[in-house]
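Accompanying notes for the structure given below.
The values are calculated or read from the model by the stated rules, or taken from the named source; none is laboratory data. Since the model is a prediction, treat every value here as computed from it, not as a measurement. Here the Cβ positions follow ideal geometry from the backbone for every residue, glycine too, while neighbour counts run over all protein chains shown.
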Amino acid sequence: MIAKRPPDRRLRFDPDELASVEAARPFYRRATVAVARDLIGAHLGRRWRGRWYGARIVETEAYLGAGDAAAHSFGGRRTARVEPMYAEGGHLYVYFVYGMHTCANVVTGRAGNAEAVLLRAAEGPPGAPRVLAGPGKLCAALGITVGDSGRDLVGGRELALFRRPRSRRPRIGVSPRIGVDYAGEAAAWPLRFFDLDSAAVSRRSSGR
DNA sequence: GACCAGATGTACT
DNA sequence: GTACATCTGGTCT
């Protein structure tokens with residue numbers, strides 16, 4: 001059993017205060033690119049000891065399954081690690097990389113598609129500057145571990161995603177994905193989305 | 001901006 | 001057994 005990690009205390013938030021709506025299954029079942037775009041500005045919430053902690057997502061990347069050389073499920077690869085990617089949209093796929101970092105993805109589309117959206121960065125309250133700038137830091141700050149891989153975000157008791165209010169539509173930038181140079185032609189696909197006005201979007205990946 | 005080390009799980013031979 | 005990974009933070013130019 002993998003030990004659970006507590007979230008960063010500074011990320012405390014009240015879902016009601018945001019007037020946000022928890023994303024339901026149909027939200028995740030749509031095209032991966034559409035979900036990746038709509039996740040910008042949404043809040044990822046983690047419940048720890050009865051309280052909610054969370055952050056506003058400001059950077060995502062779409063991974064398009066078997067036909068995408070940058071995706072873990074490229075060519076239909078199906079191992080114990082990537083198995084959660086084959087679940088129905090709305091599940092979480094978490095993996096450990098470079099011996100020290102954890103990255104969280106939201107599975108999209110229908111079961112078997114193996115498509116997902118990587119959560120690259122989020123923004124906390126003013127008291128938590130840059131603690132979420134990068135997929136590894138985002139997971140660390142929210143206490144997400146590989147033990148959360150395969151968890152369902154829909155109706156989840158510990159992890160949930162709250163959609164952004166319609167009134168707050170961020171300015172969204174688009175660029176190729178980060179760190180996937182090995183993926184050949186797929187490396188240039190414009191599948192990275194980010195909030196143009198967020199300081200948490202990593203420098204390296206700011207699209208310049 | 002470019003370059004590089006770091007620590008270890010996962011996939012593959 | 002071995003290569004390398006959807007990174008990060010530090011150093012140097």
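Within segment A:145-159, is there a residue that is in contact with a Leu (Cβ under 8 Å, 6 or more places away or on another chain), buried (at least 20 other Cβ atoms within 10 Å of the Cβ) and of a type in the set (Ser, Thr, Tyr)? Yes, that holds for at least one residue.
For segment A:184-199, the set of residues classified as within 16 Å of DNA strand B (Cβ to nearest atom) and crowded, with 18+ Cβ neighbours inside 10 Å consists of A:PHE194 only. In segment A:164-175, which residues are at pLDDT below 90 and surrounded by 14 or more Cβ atoms within 10 Å (Cβ to Cβ)? Residue satisfying the conditions is A:ARG164 alone. I'd like to check something: does segment A:131-142 contain any residue that is in a loop (DSSP other than H, G, I, E, B) and of a type in the set (Lys, Arg)? No: segment A:131-142 contains no residue that is in a loop (DSSP other than H, G, I, E, B) and of a type in the set (Lys, Arg).
Of A:VAL82, A:VAL94, A:VAL58, all but one fail to be touching an Asp or Glu at 6+ places or on another chain (Cβ under 8 Å) and either within 10 Å of DNA strand B (Cβ to nearest atom) or among the aromatic types (Phe, Trp, Tyr) (or both); the exception is A:VAL94. A search for C-beta distances below 6 Å between a residue of segment A:187-204 that is closer than 15 Å to A:ALA128 by Cα and any residue that is at pLDDT 90 or above and aromatic (Phe, Trp, Tyr), counting only pairs 6+ apart in sequence or on different chains, returns A:VAL201/A:PHE194. Kindly indicate whether any position in segment A:86-102 is on the phi < 0 side of the Ramachandran plot, small (Gly, Ala, Ser) and under 18 Å from the mean Cα position of the chain (by Cα). Yes, because at least one residue in segment A:86-102 is on the phi < 0 side of the Ramachandran plot, small (Gly, Ala, Ser) and under 18 Å from the mean Cα position of the chain (by Cα). Among the conditions (1) farther than 22 Å from A:PRO170 by Cβ; (2) in contact with a strand residue (DSSP E or B) (Cβ under 7 Å, 6 or more places away or on another chain); (3) β-branched (Val, Ile, Thr), the only one that A:VAL21 does not satisfy is (1).
Within the span defined as segment A:78-96, every residue fails to be of a type in the set (Ser, Thr, Tyr), surrounded by 18 or more Cβ atoms within 10 Å (Cβ to Cβ), in contact with a strand residue (DSSP E or B) (Cβ under 7 Å, 6 or more places away or on another chain) and under 18 Å from A:PHE162 (Cβ atoms).
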